[in-house]
1. So, in the range 131-148, how many residues would count as being in contact (Cβ under 8 Å) with a residue 40 or more places away in the chain and either more than 19 Å from I77 (Cα to Cα) or part of a helix (DSSP H, G or I) (or both)?
2. Looking only at the range 38-60, which residues are surrounded by 18 or more Cβ atoms within 10 Å (Cβ to Cβ) and of a type in the set (A, V, I, L, M, F, W, C)?
3. Quick test for you: out of A8, A75, pick the one residue that is small (G, A, S) and in a helix (DSSP H, G or I).
4. With the requirement that a residue be under 15 Å from V232 (Cβ atoms), among the polar types (S, T, N, Q) and assigned to a helix (DSSP H, G or I), what does the range 14-50 give you?
5. Test D67 against the stated conditions and say whether it is more than 24 Å from D183 (Cβ to Cβ) and either open to solvent by less than 10 Å² (accessible area, probe 1.4 Å) or more than 18 Å from the chain's Cα centre (by Cα) (or both).
6. What is the residue count in the range 108-128 for residues that are over 19 Å from D183 (Cα atoms) and either out of contact with any Gly (no Cβ under 9 Å at 6 or more places or on another chain) or β-branched (V, I, T) (or both)?
7. Touching a strand residue (DSSP E or B) at 6+ places or on another chain (Cβ under 6 Å), within 19 Å of T95 (Cβ to Cβ) and open to solvent by 10 Å² or more (accessible area, probe 1.4 Å): is that true of T158 in this structure?
8. Any residue in the range 81-93 that's of a type in the set (V, I, T): show its pairings with residues that are open to solvent by 60 Å² or more (accessible area, probe 1.4 Å) at Cβ separation under 6 Å, as long as the two are six or more apart or on different chains.
Amino acid sequence: MRQIGHVALDMDGTIYSGASLFNDTLPFLKLLDQLGIGHTFLTNNSSKNTRDYIEQLKQMGIVTGADQLYTSTQATIEYFRADHSDIRRLFVLGTPSLGEEVEAAGFTLTRDDAGDPPEAVVIGFDTTLIFSRLCRAANWIKAGKPFITTHPDRVCPTDQPTILVDCGSICAALEQATGRRPDRVLGKPDPCMIRGILRRNGLLPDQIAMVGDRLYTDMAMARQAGALGVLVLTGETTAADVSQAKLPPDLVVKDLGELAEELRREWDVPQTRS
């Protein structure tokens, strides 16, 4: 822990749940600043764009900038630029915010129209899902267009009495309808997300900790990238899930408050938590 120079912080289920900021989040961020440890907010949730997240965090009392955010939408945009620079026309099954960010990056969004074919299909976490657009996406996928998804999460954490059907579940429906699996799944656990943060901050893998609430995305990505994996039990994963995991995380803590205690011990900072 002493060699950690940067923390990649998952958002949903780690620093907040739904609209509720966890009590330990602001003290934890203050401690990171005190220790000179940088941080980046990292999320698979592609229903919001960078501007939306900056505003959301501001409303919760966290002031941040675009350089401290890394989303699965950004990872998807970078994927097309690096690996498919010839593709510019995309059918995006996602929220208007997702579409705006993709369009601002220079891509053309095709309409829900058989006469407006895309060069690839992108599936995101679509909280505005329209049945005709789901069918249009299935049609283009069945026709053989590249099938890219922003992230694999099956559900999105929430503090409300409901289940938020996330991108992975939408893709499962498309797989059943078309007989095709996605050609590429971006976002966590793809290690490119951490590698992007490492490049941005000039760090080595053993200098970054990935803190998140999911085994199959956050912890899997940390392992693949060679980073320290810290699981918090404030989101999807339970202690029972950890006990059954074939590859357990490097560290498991109840919440960010307990992780702060670990950091204080390593850095010999007086304990303040009761």
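1. Of the residues in that region, 6 qualify.
2. Residues satisfying the conditions are F41, L42, I54, L57.
3. The unique qualifying residue is A75.
4. T25
5. In short, no.
6. Of the residues in the range 108-128, 10 are over 19 Å from D183 (Cα atoms) and either out of contact with any Gly (no Cβ under 9 Å at 6 or more places or on another chain) or β-branched (V, I, T) (or both).
7. On the way: touching a strand residue (DSSP E or B) at 6+ places or on another chain (Cβ under 6 Å): yes; within 19 Å of T95 (Cβ to Cβ): yes; open to solvent by 10 Å² or more (accessible area, probe 1.4 Å): yes.
Judged against the criteria, T158 is a match.
8. Taking only residues 6 or more apart or on different chains, the pairs are I87/E119.
The values are calculated or read from the model by the stated rules, or taken from the named source; none is laboratory data. Owing to the predicted nature of the structure, the values given are computational and were not obtained by experimental measurement. Backbone-built Cβ (ideal geometry, glycine too); neighbour counts: all protein chains shown. Each accessible area value is taken on the protein alone, full model and side chains, heavy atoms only, with ligands, DNA and RNA left out. Shrake-Rupley method; radii C 1.70, N 1.55, O 1.52, S 1.80 Å.
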